[in-house]
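Structure record follows, encoded as structure tokens.
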Amino acid sequence: MDGLNGSVVSEFVLLGLLGSWETKVFLTLTFSLLYLGIILGNLFIVFLVIADSQLHSPMYFLLANLSLIDVGLSCTTVPRMVTDLLKEHKVISFQSCMAQVCFIHIMGGTEMVLLMAMAFDRYAAICKPLHYLTMMSPKRCVLFVVIGWVTGVIHAMSQFSFVMNLPFCDPNTIDNFYCDFPRVIQLACSDAAKFEFLGTANSGFMSMVTFFLLLLSYVFILVTVWKRSSGDLSKALGTLSAHITVVVLYFTPCIFIYMWPFPTSSVDKYMFIVDFTITPVLNPIIYTLRTKDLKIAIKRLSRQCHHNRFC
């Protein structure tokens, strides 16, 4: 059967996570609970931002969009991973594999831009408070989101365009629980070295540059505060700690995976798990615990629900 690019491969076999039956059942339950936590936690953040007028600010607008991206990113991989755990033969069609790859990189690229926008928001709030409303106007916030999606689409399509033209033949086994460019390119019949370089230059370089730019921006903010407040960084650190934690959790697996696209061990599987399950489920917890406004909003919502219940 012809694939989209005329290759002889019509489907890929996913090896997924290996282990005994008991281990697979345990992992199925664990990842199902994590997935439920991702959906409920991130959608709760979105609901809270919409429902509470005190959270109608640029920072929380961007946070709500980040939560939606986390939901979408997890939905592309986690449900299939959970259902495949208990299957002996894990197969994904060529078309579904390519679609999965595209969605992952579109949303991954969008999330990187949103994290940069959130860093800019913190810079404006902490270093330029008098110009904050001008620098982070509603139009600019919407523009950040639009730029994020455009960047994500360009990032995904730039890799998808050359992957679609690769010929694929046996073997068609992917040593992972979902499709991604590094593993798919490895199965090409032609010499994959130049495509490996393109994948590293695209995803790897983009991840590393964005990560270092974010870290530099947070260092710049902290240095600026330190100079202004005679060394008292406690308030700034309290404000930035959630952002820095999320950035490190998100980018560490990305850099590891895409800067070394064809590892000899299965460690990259667990890096993917961190990116698609652990980080999305931790993000709402981190922002809720480390952000004062969200804590107050949750208490306000709780009081309102309690009041309505007994009215």
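The values are calculated or read from the model by the stated rules, or taken from the named source; none is laboratory data. No experiment lies behind these values; they were computed from the predicted model shown. Positions of Cβ are backbone-derived with ideal geometry, glycine not excepted, and every protein chain shown enters the neighbour counts. Just so you know, the surface numbers come from the protein's heavy atoms only, side chains and all, with ligands and any DNA or RNA stripped out. Shrake-Rupley method; radii C 1.70, N 1.55, O 1.52, S 1.80 Å.
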Quiz item: Near the amide H of residue 16, under 5 Å away, which other amide H atoms are found, from residues 5 or more places off or on another chain, if H is placed in the peptide plane?
Solution: 176, 177
Quiz item: From the backbone phi of the range 85-98, what are the Karplus-calculated ³J(HN,Hα) couplings (6.51 cos²θ - 1.76 cosθ + 1.60, θ = phi - 60°) in whole Hz, Gly and Pro given as x?
Solution: 4, 9, 9, 7, 10, 9, 10, 10, 5, 4, 5, 5, 4, 5
Quiz prompt | For the range 118-183 and the range 43-62, distance of Cα centres in Å | solution = 22
Self-check item: Whole-percent carbon and sulfur share, accessible surface of the chain, 1.4 Å
Solution: 69
Quiz item: Considering the zone a paramagnetic label at residue 305 would reach in this model (a point 7 Å from Cα along the Cα-to-Cβ line), which residues of the range 50-93 have amide N under 16 Å from it?
Solution: 50-52
Quiz prompt | Estimated distance in nm for a label pair at residue 205 and residue 137, the labels positioned 7 Å out from Cα along Cα-to-Cβ | solution = 3.5
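Using the heavy atoms of the protein chains and a 1.4 angstrom probe, tell me the accessible area per residue for the chain in square angstrom.
So the chain comes to 49 Å² accessible per residue, rounded to a whole number.
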Quiz item: Residue by residue through the range 108-122, which ³J(HN,Hα) values in whole Hz follow from phi under the Karplus form 6.51 cos²θ - 1.76 cosθ + 1.60 (θ = phi - 60°), with glycine and proline marked x?
Solution: x, x, 5, 5, 4, 5, 4, 5, 5, 5, 5, 5, 5, 4, 5
Practice problem: Report, in deg cm²/dmol and to the nearest 500, the calculated mean residue ellipticity at 222 nm for the chain, where each DSSP H run with n ≥ 4 adds -39500 (n - 2.57) and the sum is divided by the residue count. | Solution: -24000 deg cm²/dmol
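Extension gain residue 241-residue 44, at 0.36 nm per residue separation less the Cα-Cα distance, in nm?
On the way: separation 197, 0.36 × 197 = 70.92 nm, distance 2.11 nm.
Additional length available on full extension: 68.8 nm.
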Practice problem: Rounded, prolate or oblate: pick one for the range 103-159, where a ≥ b ≥ c are the square roots of the eigenvalues of its C-alpha gyration tensor, a/c under 1.5 means rounded, and failing that, prolate if a/b is larger than b/c, else oblate. | Solution: prolate
Practice problem: At q = 0.10, 0.15, 0.17, 0.21 Å⁻¹, what is the base-10 log of I(q)/I(0) for the range 97-217 according to the Debye formula with one equal point scatterer per Cα and no solvent? Please give it to two decimals. | Solution: -0.41, -0.74, -0.87, -1.14
Self-check item: the range 6-70 - convex hull of the alpha-carbon atoms, volume per residue in Å³
Solution: 141
Quiz prompt | Tensor-based shape of the range 30-107 (alpha-carbon gyration tensor, a/c under 1.5 rounded, otherwise prolate or oblate) | solution = oblate
Exercise. Treating the Cα atoms of the chain as identical point scatterers in vacuum, please give the log10 of the normalised Debye intensity I(q)/I(0) at q = 0.08, 0.15 Å⁻¹, two decimals.
Key: -0.41, -1.21
Self-check item: Dimensionless Rg over Rh [the range 36-164; C-alpha; Kirkwood]
Solution: 1.07
